[in-house]
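Novice: Encoded as structure tokens, here's the structure I'll be asking about.
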Amino acid sequence: MALWKIKALYKQLLRESSKFSSYNFREYAVMCVKNAFRENNNLTDVTAVQKQLVKGYTNLAIIKRQVIVGNMFEPQKLVIEKQAS
């Protein structure tokens, strides 16, 4: 399996996850992406890697849709997100 495909998917997932307007959703999505790649770091079976890639692309599509929906109904900023004056 091409390592560049896996790295590209990882970067895309992190980039899309960081687009959530809500702090909680954003941090949760980034954490889930990192944990999933950490768990599957040692996969060597080609079919297992392929299956995880398909799952990753499916999750990428889900994240993209949720970011769009989340931006339609943007919540108020949390205290930890507000800039100190």
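Novice: Output the number of residues of region 39-64 satisfying the condition of being outside any loop (DSSP other than H, G, I, E, B) and free of Cβ contacts under 8 Å to residues at least 12 places away in the same chain.
Specialist: 9
Novice: A further question on this structure: Could you tell me whether any residue of region 72-80 is surrounded by 11 or more Cβ atoms within 10 Å (Cβ to Cβ), in a loop (DSSP other than H, G, I, E, B), among the basic types (K, R) and at pLDDT below 95?
Specialist: Yes: region 72-80 contains one or more residues that are surrounded by 11 or more Cβ atoms within 10 Å (Cβ to Cβ), in a loop (DSSP other than H, G, I, E, B), among the basic types (K, R) and at pLDDT below 95.
Novice: Continuing with the same structure: Please enumerate the residues belonging to region 1-38 that are more than 30 Å from I80 (Cα to Cα) and assigned to a helix (DSSP H, G or I).
Specialist: Answer for region 1-38, where residues must be more than 30 Å from I80 (Cα to Cα) and assigned to a helix (DSSP H, G or I): L3, W4, K5, I6, K7, A8.
Novice: If the Cβ limit is 6 Å and pairs must be 6+ apart or interchain, which residue in region 25-38 that is surrounded by 13 or more Cβ atoms within 10 Å (Cβ to Cβ) pairs with which residue that is polar (S, T, N, Q) and part of a helix (DSSP H, G or I)?
Specialist: A29/S17; V30/S17; V33/S17
The values are calculated or read from the model by the stated rules, or taken from the named source; none is laboratory data. Here the structure is a predicted model, which is why all the values come from computation and not from measurement. A quick note on method: Cβ atoms are made from the backbone with ideal geometry, for glycine too, and the neighbour counts reach across all protein chains shown.
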